[in-house]
1. Go through (1) in contact with a strand residue (DSSP E or B) (Cβ under 9 Å, 6 or more places away or on another chain); (2) farther than 14 Å from residue 147 by Cβ; (3) part of a loop (DSSP other than H, G, I, E, B) and name the single condition residue 225 misses.
2. Hey, any hits in the range 287-305 for a residue that's assigned to a loop (DSSP other than H, G, I, E, B), at pLDDT 95 or above and over 22 Å from residue 50 (Cβ atoms)?
3. On the given criteria, is residue 266 within 22 Å of residue 60 (Cα to Cα) and assigned to a loop (DSSP other than H, G, I, E, B)?
4. Would you be able to say whether some residue in the range 136-143 is within 25 Å of residue 166 (Cβ to Cβ), surrounded by 12 or more Cβ atoms within 10 Å (Cβ to Cβ) and in contact with a strand residue (DSSP E or B) (Cβ under 8 Å, 6 or more places away or on another chain)?
5. Within the range 62-84, which residues are surrounded by fewer than 21 Cβ atoms within 10 Å (Cβ to Cβ) and in contact with a helix residue (DSSP H, G or I) (Cβ under 6 Å, 6 or more places away or on another chain)?
6. For residues that are touching a residue at least 40 places away in the same chain (Cβ under 8 Å), out of contact with any helix residue (DSSP H, G or I) (no Cβ under 7 Å at 6 or more places or on another chain) and not in a loop (DSSP other than H, G, I, E, B), tally how many sit in the range 1-40.
7. If I go through the range 1-14 residue by residue, how many of them are touching a strand residue (DSSP E or B) at 6+ places or on another chain (Cβ under 9 Å) and surrounded by 14 or more Cβ atoms within 10 Å (Cβ to Cβ)?
């Protein structure tokens, strides 16, 4: 029987995973980029007869899971898996994997790019020069300001080291902190409310869970320091966008840098699109040449390992306490 794998993740139609999987006996199929993978019936059709998928942020709902009887592995590129119905996967014995430790530097660099872009007035500065309408506007220096890092896993830590290099003071909120790291990099651990009230920039790096869904709501925005900036390169669902828009329009927040949104792609009629104090990018924080190479390699090696009877637990996000999983069911 041919073992087919579909590459649904964006930018996965070529790369090191192709020869790796092919040499292991898999038939690797590129994605059909003219098809809408956010449509359940389309995704089911694409995964027909596939035993695994190199997955992006497209939603794997219960309907999709139940419509793909041959599926054994959903190998998510990156570390987020909130678009996958884990309960449905558990019921059908489908393994959900991620690629931890490969994109934290990329996300951290993108976070700092958004922060510095806002701080130095981009893209407005660029657009004014192109239009011939130069305008000199003084803005607060980044050095000696305070950044609050919410979530201090690999990505949060990578942001901390870069922020310290810029001369920023760092506050951190993390339920299970690495105390040695915090001492080394002079991170002051604090509760969330204190972080929000004291930070000039608040950067989100925590996972999206039922508890953290829309954690940044009107109440939390009101607690943020007047004139501060929100940066989100984590998950769009962490932020109540309606409340964020209101805080930006009122002037309580100076600006926002957003790579992720409640609905993706961001609808073109969203008020965020028209706001001059919002810097936008399209869920690309974790994407650079190095992270793309490493995430695709890890996804391929994880699929092969599962097929060969291994259990790479550091990559597996479901089927907890399962000891008898088999590729052949």
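1. It fails just one condition, (2).
2. yes
3. In short, yes.
4. No, every residue in the range 136-143 fails to be within 25 Å of residue 166 (Cβ to Cβ), surrounded by 12 or more Cβ atoms within 10 Å (Cβ to Cβ) and in contact with a strand residue (DSSP E or B) (Cβ under 8 Å, 6 or more places away or on another chain).
5. 62, 63, 67 - these are the residues of the range 62-84 that are surrounded by fewer than 21 Cβ atoms within 10 Å (Cβ to Cβ) and in contact with a helix residue (DSSP H, G or I) (Cβ under 6 Å, 6 or more places away or on another chain).
6. Total meeting the criteria: 4.
7. Residues meeting the conditions: 9.
Yes/no per residue for (1) touching a strand residue (DSSP E or B) at 6+ places or on another chain (Cβ under 6 Å); (2) outside any helix (DSSP H, G or I); (3) buried (at least 18 other Cβ atoms within 10 Å of the Cβ); (4) touching a residue at least 12 places away in the same chain (Cβ under 8 Å):
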residue	(1), (2), (3), (4)
176	no, yes, no, no
180	no, no, no, no
194	no, no, no, yes
203	yes, yes, yes, yes
208	no, yes, yes, yes
237	no, no, yes, yes
247	yes, no, yes, yes
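The values are calculated or read from the model by the stated rules, or taken from the named source; none is laboratory data. Since the structure is predicted, the reported quantities are computational estimates derived from the model, not experimental observations. No Cβ is skipped: glycine too gets one built from the backbone with ideal geometry, and neighbour counts run over all protein chains shown.
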